[in-house]
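A quick write-up on the structure given underneath.
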Amino acid sequence: MLILDHLALSATTLAEGVEAVETALGVSLATGGEHPLMSTHNRLLGLGDVYLEVIAINPDAPRPPHPRWFDLDHFSGRPRLTNWVLACDDLDTALAHLPQGVGAPTDLARGDLRWRMAIPPDGRLPFAGAHPAVIEWQGPHPAQRLPDSGIRLTQFEVITPDAAALQGLQNDPRVTIIQGATLAMRATFSTPHGPRILE
């Protein structure tokens, strides 16, 4: 069974995404790093067993010869939740039971973190991005290293016309797949300041 690993909030610039999250949740994000293969960079927020990733194109890195993950090459507008990521113990086995468009296993690294992730060849996950990305960690997990923010994910909603196709992928009680006309994602958090929402 796949388990919830993290949520991704995309932004046109990392600074803009960080400001949006810190304003919404009332907390400072931890450092992140760069992803040379994708020419992206991120900042992170520990949520206990999972984490929130703010990700954007790195303007100081050369454009890669392939599409960036999370369809960042076509991202525009306000910072917002765009993707969710499920973890597994065996990526190859997991992919054998998922749509082909979820992507090809790719070895990645950032600092001493090592992982394999399915990356679609065009950067776009199935069902207009509603399908989760899938990851297999090989060693430490970021959530184990992040400072405890005192914030916890209480609910994550994926609203999509393809809700039926996403049912049964995981059984986290915090995740709800909702039938809707257009894709949207919404996360509710418990914080020291009361419930807060990111969309």
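Structure summary
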quantity	calculated
Kirkwood-type radius of the chain, with distances r between different C-alpha atoms, in Å	16.9 Å
For the stretch 70-158, share of DSSP beta bridges that run antiparallel, in % to the nearest 5	75 percent
Estimated inter-spin distance, residue 28 and residue 49, nm [label 7 Å along Cα→Cβ]	2.9 nm
Table column - 3J(HN,Hα) (Hz), the stretch 4-15, Karplus curve with 6.51, -1.76, 1.60, x for Gly and Pro	5, 10, 6, 10, 10, 10, 8, 8, 6, 9, 5, 4
Cut-off 15 Å between beta-carbons: net charge of the residues surrounding residue 97, Lys and Arg +1, Asp and Glu -1	-4
Exposure proxy ranking, count of Cβ atoms within 10 Å, fewest first, for 175, 54	175, 54
Projected-area average for the stretch 158-199 over all orientations - Cα convex hull basis, square nanometres	3.3 nm²
Residues with amide H under 5 Å from that of residue 68, placed H, sequence gap 5 or more	73
Highest average packing first - 135-143, 100-108, 83-91, Cβ atoms within 10 Å	83-91, 135-143, 100-108
Neighbourhood net charge (12 Å Cβ-Cβ; Lys/Arg +1, Asp/Glu -1) for residue 129	-1
From phi via Karplus (6.51, -1.76, 1.60), per-residue ³J(HN,Hα) for the stretch 155-167 in Hz, x at Gly/Pro	7, 10, 10, 10, 9, 7, x, 9, 4, 4, 6, 9, 5
Ordering of 17-27, 3-13 by packing [mean C-beta count within 10 Å, highest first]	3-13, 17-27
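Rule-based calculations on the coordinates, nothing more; no lab input. The model shown is predicted, which means the values in this text are computed figures rather than measured ones. Quick reminder, even Gly has a Cβ in these numbers, built from the backbone with ideal geometry, and neighbours come from all protein chains shown.
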